[in-house]
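The values are calculated or read from the model by the stated rules, or taken from the named source; none is laboratory data. Small disclaimer: the values here were computed from a predicted structure and weren't measured. No Cβ is skipped: glycine too gets one built from the backbone with ideal geometry, and neighbour counts run over all protein chains shown. Remember, those area values only see protein heavy atoms, side chains included, never the ligands or the DNA or RNA. Shrake-Rupley method; radii C 1.70, N 1.55, O 1.52, S 1.80 Å.
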Amino acid sequence: MESTGSQPTLSQQEAFARIRLLRSPNIGPVSYRQLLARFGSAGAALDALPDLASRGGRAYRPASAESIEREVLALRKAGGRYLFHDQPDYPALLGELDSAPPILTCRGNLALASAPCVALVGARNASAAAVKLARDFAAALDEAGFTVVSGLARGIDGAAHEGAFPQTIGVIASGIDIAYPPQHAALQERIAQEALLIAEQPPGTEPRGRHFPSRNRIIAGLASGTLVVEAAPQSGSLITARLAGEAGREVMAIPGSPLDARASGCNQLIREGAVLVQSPDEVAELLQSFTGAPRSRFRVADGPSDFDYAELARLDWGEARADLSHDIASLLTTAPIGIDELIRQSGASAAEVHMALLELELAGDLVREADGDVRRAG
């Protein structure tokens, strides 16, 4: 297995165990971090998984060591590397998200993620005028010293990468060795070789619908602001803007004609509080003066959770708490609810509620939303 980078305290054995932990069933970014906090290492967490899941009433088998060995070889063959959440070169802004990916795979120049970043997104079936506008904005923002982040989709995303190249980051919904869309295979490879390509999914993973919102949170999380150039209502670009707003980042949009359906998403964002911008200079000015308090009023962020996962390590969680897991499960429906509300209604401590939710998630009975809310699975 390749070196894990500049983090000297992460042994090869622990790095391998971390990958195996994250690839195990029903483990997401939040539960991964909670397990590390509770048990101190990925190896210890892996040993505890079957017992934890059994408390939720299910048998459990972690990801096999053989499957992780195949993944490591596939990543090496693709020319990629792993980046763990506590390594010094992990992007700082992305790491502020409660749902930040614990492990990324990447190819290219990681220094690009440490520069000031702006996300530039929009419609796949964009108008010719909007594509040119995105390319011009990206080139100007590159000149102003920004790295331009986008999702390598057709239309606005591709134009953003081309305009800023090589000062650009492509975030993909597939494994790092899968080109998607196929029309952008050459562009994706150029970005991997001369800029920076990032993926959260394991090598060999074909993109699925559920992967794109996860990709969008990375795009929004890398940048201090997200600019939407052209987008229809209910589009993925608006999801990225919403996630940026919830992360406490700047949300900007370029207005368009009310007669063009492809502009209605941007106009909607502006009505809801996104900053109207009409030139790259306005974007640069907003982000260069960004102090963590966005001027946009679009979906004011609740801020990161103030729960300290270290409390899980101090929790005395015995068999007597099985009733609490049942009680928490009875409070859940398929409608998302905030964890603070569950703590309020259950009367239990924050650590106890988080531990109960972890058991339910491992048993496959809980789904965590991108904004941190939880709901019953199915």
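Could you sort 29-40, 367-378 so that the peptide with the highest average Cβ count within 10 Å comes first and the rest follow in order? Spell out each step's value before the answer.
Details: 29-40: 20.2, 367-378: 16.1.
Per-residue mean Cβ counts within 10 Å order the peptides as 29-40, 367-378.
How high is the FRET efficiency from D51 to A111, r the C-beta distance, R0 41 Å, rounded to 0.05?
0.45
Under the Karplus relation 6.51 cos²θ - 1.76 cosθ + 1.60, θ = phi - 60°, what is the ordered set of whole-Hz ³J(HN,Hα) values for region 272-279, x standing for Gly and Pro?
Couplings: 8, x, 5, 6, 6, 10, 10, 8 Hz.
Expressed in nm to one decimal, what extension gain is obtained for the pair A144 and E282 from 0.36 nm per residue of sequence separation less their Cα-Cα distance? Present the calculation step by step, with values, prior to reporting the outcome.
Details: separation 138, 0.36 × 138 = 49.68 nm, distance 1.13 nm.
Gain in length upon complete extension: 48.6 nm.
Which residue fluctuates most in the GNM of the chain (Cα springs below 10 Å): P255, P203, P336?
P336
Bin width 5 Å, origin at 0, all Cα-Cα pairs of region 175-326: what percent of pairs per bin?
Result returned by the calculation: 2, 8, 13, 15, 15, 14, 13, 9, 5, 4, 3, 1, 0.
When the helices in the chain are scored as -39500 (n - 2.57) per DSSP H run of 4 or longer and the sum is shared across all residues, what 222 nm value do you end up with, to the nearest 500 deg cm²/dmol? Before the final figure, lay out each step's value.
Numbers: 16 runs with 166 residues, N = 378.
It comes out at -13000 deg cm²/dmol, rounded to the nearest 500.
Pull out the extension gain between S64 and E14, defined as 0.36 nm times the separation in residues minus the alpha carbon to alpha carbon distance; nm, one decimal. List each step's numbers first, then the result.
Values: separation 50, 0.36 × 50 = 18.00 nm, distance 1.49 nm.
So the extension gain works out to 16.5 nm.
How large are Rg and Dmax for the chain when calculated on the C-alpha trace, in angstrom?
21.0, 64
With a 10 Å radius around each residue's Cβ, average the other Cβ atoms per peptide and rank 281-288, 343-350, highest first. If you can, show how the numbers build up before the last one.
On the way: 281-288: 17.2, 343-350: 14.6.
Averaged packing, sorted descending, gives the order 281-288, 343-350.
Under a 1.4 Å probe, what is the accessible area of the chain per residue, stated in Å²?
About 42 Å² of surface per residue is accessible.
For the chain, with a Gaussian network of springs between Cα atoms less than 10 Å apart, report the residue from P50, P258, P181 with the top mean-square fluctuation.
P258
Report, to the nearest whole %, how much of the accessible area of region 179-281 belongs to carbon and sulfur atoms, 1.4 Å probe, protein only.
Working: 2000 of 3980 Å².
Carbon-and-sulfur percentage of accessible area, whole number: 50.
Ranked by accessible surface with a 1.4 Å probe, highest first, in what order do S257, S150 come?
On the way: S257 55, S150 0 Å².
So, going from the largest accessible area down, we get S257, S150.
Using a Gaussian network model of the chain whose springs link C-alpha atoms within less than 10 Å, name the residue from A363, A351, A128 with the highest mean-square fluctuation.
Highest fluctuation of the listed residues: A128.
Work through the residues other than T168 whose Cβ is under 12 Å from its Cβ and net out their charges, Lys, Arg +1 and Asp, Glu -1.
Details: positive: R135, R190; negative: D142, D157, E162, E194.
That sum, taken over residues with Cβ under 12 Å, equals -2.
Can you pull the percent of region 15-92's accessible area that's carbon plus sulfur, 1.4 Å probe, other chains left in place?
Within region 15-92, the accessible surface is 52 percent carbon and sulfur.
A44 to Q234: extension gain in nm, 0.36 nm per residue of separation minus the Cα-Cα distance?
So the chain would gain 64.2 nm between A44 and Q234.
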